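The block underneath contains the structure these notes are about, expressed in structure tokens.
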Amino acid sequence: MAELEVKNLYKIFGPSPKNAYKLSKEGVGKDEILKKTGNTIGVNNVSFTVNEGETFVVMGLSGSGKSTLIRCLNRLQDPTYGEVHVNGKNIVSLNKEELRDLRRNKMSMVFQNFGLFPHRTVRQNVDYGLEIQGIALEERKKRAYEALELVGLKGYEEMKPNELSGGMQQRVGLARALVLDPDILLMDEAFSALDPLIKRNMQDELIELQEKVRKTIVFITHDLDEALKLGDRIAVMYEGTIVQIGTPEEILTEPANDYVRDFVENVDRTKVLTAETIMKKPIAVVDSKEGPSAALRRMKKEEISSIFVLDKDRKIKGIIDIKDAKRLSDKKEKSFEKILKQDFDTAKLTTRIIDLLPIASQTHYPIAVLDEKNRLSGVIVRVSLISGISRNGGEQHVE
């Protein structure tokens, strides 16, 4: 379900936005429009939706329009043309009081610079929005303490911001946004000012936090690795337009144009691509009601040395190898219960290739890829893992 929907959004800076808008609709480029009209098009005919509970990352280089875009979503900058719908309501048409209510109750924003009040304690910084709303002190303190515990700052509530590290100060900013319990969280280059190690830690903490609170997040970044790590979907911006929207795997494996292709060229794909990308459909399996002879025939036909045994719900009962199947078949035995083995490895559809590498280097059997109901969805053999890495530009090797 779409919680946020942007339709044909434009933000034009300059003296004659109507002329720039007309030229843009005619296909004239950004630089030419600037020469002819003196107007800069910050956001150019952008449309997308963000689903409830989704982390939607907008990525682009400096000047691509991503920060202008996010400021249009809560009308810190008013769009020149277009619509922004929150739960079906176009916020572009809201009056000042309605817009204030939206920012207090529906949307919160986390900025790159922490913007904390140095004279207020951490708790007082967090409950500032509640104070503006007229919430009683005890209720403010309770909610602020809860928000700070959520971001890992329990015990720091009554300290001053200058007593905290940069990463901790950014967590205060995040708690200040969360304390209002918004449905939509806007994050503009929220971790860009942090040192690399602290930045990675904050990314991990945001992922863990999102698993708990399931907010709808629009996250702005110029860092591709950050986008790939955080985003359920990614929108790539260039000169005010969105040139591609897709999952991290789609962005990596199916770049829409040369700009996106250049962007992702040097990414370590093993850290992003998942088991689902390289697995093969489990065609060669055997039903638990069948016997050793049936399993043996299937393995010979498919030229494989082992086969998974499934129950009626496609859940794995075990794996058997061809030598054991032949031994029981020669004895005319009807059941292979005694040769079922459990020493095989499993992975989720979302398991990253990099996490499969140490498993593949040691296992004797294919890796079973299971769906969310623990049903067999695919298999990965060592050769397909190696070819998958090679195909996608990875450099790791499986011995």
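Local charge for G166 was computed over the other residues whose Cβ lies under 13 Å away, with Lys and Arg +1 and Asp and Glu -1, and equals 0. When restricted to Cα atoms, the chain yields an Rg and a Dmax of 26.8, 90 Å, respectively.
Couplings 3J(HN,Hα) for segment 35-43, derived from phi with the Karplus relation 6.51 cos²θ - 1.76 cosθ + 1.60 (θ = phi - 60°), are 5, 7, 10, x, 9, 10, 8, x, 10 Hz, where x marks Gly and Pro.
Report summary: the helix-based calculation at 222 nm, which adds -39500 (n - 2.57) for every DSSP H run with n ≥ 4 and divides by the residues of the chain, gives -10500 deg cm²/dmol. Estimated at 0.36 nm per residue, the fully extended path between N374 and L76 surpasses their Cα-Cα distance by 102.7 nm.
Using 20 Å as the cut-off for backbone N distance, which residues of segment 159-191 belong to the label zone defined by a point 7 Å from the Cα of M1 along Cα→Cβ? Taking a point 7 Å out along Cα→Cβ of M1, the residues of segment 159-191 whose backbone N falls under 20 Å are 181-186.
Beta-bridge orientation, the chain: approximately 55 percent antiparallel, per DSSP, counting only bridges with both partners inside. A crude spin-label estimate for the pair E98 and D31, with each label 7 Å from Cα along the Cβ direction, gives 4.2 nm. Rounded to 0.05, the FRET efficiency of the K280 and K341 pair, given R0 = 35 Å and the Cβ-Cβ distance, is 0.95. Projecting the Cα atoms of S329, Q133, L349 onto the charge dipole of the chain, computed from C-beta unit charges around the Cα centre, puts S329 farthest toward the positive end. The trypsin sites (Lys or Arg not before Pro) found in segment 129-167 that occupy coil by DSSP, while having at most 15 further C-beta atoms within 10 Å, are K154.
For G318, nonlocal amide neighbours, meaning residues 5 or more places apart or on other chains whose placed amide H falls under 5 Å from its own, are V309. Mind scanning K212/K312; K89/K215; K212/K373; K341/K373; K281/K326; K281/K323 and naming the pairs with a C-alpha gap bigger than 27 Å? Flagged as over cut-off: K212/K312. The percentage of C-alpha pairs in segment 276-391 whose separation is greater than 17 Å is 53%.
Across segment 46-63, coupling constants 3J(HN,Hα) worked out from phi with the 6.51/-1.76/1.60 Karplus curve, θ = phi - 60°, read 8, 9, 6, 10, 10, 7, 4, x, 8, 9, 9, 9, 9, 10, x, 6, 4, x Hz, and Gly and Pro carry x.
Values quoted throughout were computed directly from the atomic coordinates according to the rules given, and no laboratory measurement underlies them. Keep in mind that this is a model prediction, so the values were computed, not measured. Positions of Cβ are generated from backbone atoms using ideal geometry, with glycine treated the same way; all protein chains shown enter the neighbour counts.
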